[in-house]
Structure formats: structure tokens, C-alpha cells
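J.: For reference, the structure I am asking about is given below.
Only the coordinates and a few stated rules stand behind these numbers; no lab work does. Given the structure is predicted, the values throughout are model-derived calculations rather than measurements. With ideal geometry, Cβ positions are generated from the backbone for all residues, glycine too; neighbour counts draw on all protein chains shown.
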Amino acid sequence: MTPDLVKHTQNNEDIAIADRAEQTVEQAAAQDHGPRHVAIIMDGNGRWATQRGRPRLFGHHAGAKRVREIVESCPDVGVKYLTIFAFSTENWKRTQVEVAGLMSLFRRYITKEARALDGFGARVRFIGDRVRLDAKLIKLMDDLEDMTAHNTSINLTIALNYGGRDEVARATKRLAEEVAAGRLSPEDVDEETLPKYLDTYVLPDPDLVIRTSGEARISNFLLWQSAYAEYEFIETLWPDFSKEEFAKLCASYGGRERRFGAVKT
């Protein structure tokens, strides 16, 4: 078992069984009401800044401030899990200045928001490949996960250096290592087994995925987990996304008929 999987398991094993039991109780209710798990592709920071004649990093700072408002509004609309897309595996292609600025922003955000998130009762997790991240940032991520490990008000998952294809590839490698070591039989590998090796293995699949900024694509985000998610592509740029709009989208989800491939009789 690889070191990152060992840590991943140790950090989450204490609540994994309880979380899965909770999922079975709440899943049916979520289909008739609001979404239990919402994932957000926070897009439009750069355009928001450009519209105001400011550098792109100004928009990223504005977007980071928006996160707390949405997190704190989750209990009011019945959202138990919130997953936000902060930095993708493809974002390394941006200019060196922007990437360095974003990494600095992540460090400052975690340092500044740690106490507030803990005080609010948020359980924070990070998903994604940490190999390319610097040691200081990884330490801050680890510390925040440990600090908030027993919180229950809202489960906030931050996707940082995350890509859906990369996640599935890493999960498949871990699974292959288990088979090679004789701890898992090839015959036991199916669509129930693979998710146990994903970064999100203690989380329920998202019910609703929201993308801001008017772009209508999923950008390699939660590819496996969102197979049956509902999607909302909205024009609002992320720094302008309000808790009122968030509540409206969650309420709209409650009116949808979700059959998961079956025919309602």
C-alpha cells in the first residue's frame, strides 16, 4: 500500500463506517428535497477581474472570499457535503506568475480560514495528487484535516491539484498493487470495488454539480462520482455567486425526478 493511501486511510477510517450508514438514511430524503452533496466548479475569477481592469489574481482573491459564504449557507439548505474545485491538474499550464500566485493564495487561505472553518464545525478534506505541491502547503492541508477531523456541521472537500482521469488512474494503480500482492482477487474487481480506491471513498456521490461563468463543460471534475448527478451551468461568475442563488439552485434540484436509469411506474 502506497504512503499516500496509508495516510488517506488513517485520516478517514474513524468516520468511514458512520458516514456510509448516514448515506443510506439520508439518500432517499435528498431525492425528494434538496441535494445532500453539491459539487461546484468555481469558474470565472479571471474574467471577473478582467472586467474590472484588474489582474487575474485579484479575481482569485475575490473568489476565495466567496467560499466562506457558500460554506456557511449549506446547513440552511440541507447540504451536508460541499466539494469545490480549487485547482486542476491542467491548471499547471497557466503562466508561472498565476500558478505561483494561486499557491500562495491557497497557503494564506488555509492559514486565515482554519479557525473559522473549525469554529463553524466544518470537516475539511483535500482530494487530488499532492506530489507536485510544496511541503509547506501540504503541511497546512494535513493540519487542517487533523484539526477539523471530528466536526459534523458540514463536510467541505477541496479539490487541489485534482483531475478526474488522474484520480481514476491513481485508484487503478492502487487496486493493481493489491491484486499483485495477492490481497485482492481479479474476479472481485468491479464497479463496487474501484470507488474504494478513489480520493472520495468516504463521501457520497454528488447529487448536484454547479458550474459558474457560463461554460457548459465538466472539465475533468469528479468523472466517476458524477455519473448520475444533476448539472447546473449558470452565467454568474464565481465572485458574484451568492448564497441566495445557491439556495435557489438547491431548491430547483428538489423538484427534479431522478430515476437512475429506471422507469417510474
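J.: Got a sec to turn the phi values of region 60-68 into Karplus ³J(HN,Hα) couplings, 6.51 cos²θ - 1.76 cosθ + 1.60 with θ = phi - 60°, whole Hz, x for Gly and Pro?
T.: 5, 5, 5, x, 4, 5, 5, 4, 4
J.: Gain in length, Ala169 to Arg47, computed as 0.36 nm per residue apart minus the alpha-carbon separation, to one decimal in nm?
T.: Extra length available between Ala169 and Arg47 comes to 40.7 nm.
J.: Going by amide H atoms built from the backbone, whose H comes under 5 Å of the H on Ile40, apart from near neighbours?
T.: Thr83, Ile84, Phe85, Ile210
J.: Let me ask you something else. Sort 41-48, 107-114 for me by packing, meaning the mean count of neighbouring Cβ atoms within 10 Å per residue, highest on top.
T.: The packing order, highest mean first, is 41-48, 107-114.
J.: Starting with the highest mean, order 152-163, 221-232, 74-85, 92-103 by the number of other Cβ atoms within 10 Å, averaged over the residues of each peptide.
T.: Result, highest mean Cβ count within 10 Å first: 152-163, 74-85, 221-232, 92-103.
J.: At 7 Å along the Cα-to-beta-carbon direction for both Glu187 and Thr95, put a label point, then send me their distance in nm to one decimal.
T.: 5.9 nm
J.: Given the Cα-Cα distance of Lys248 and Met147 and 0.36 nm per residue of separation, how much length would full extension add, in nm?
T.: 33.2 nm
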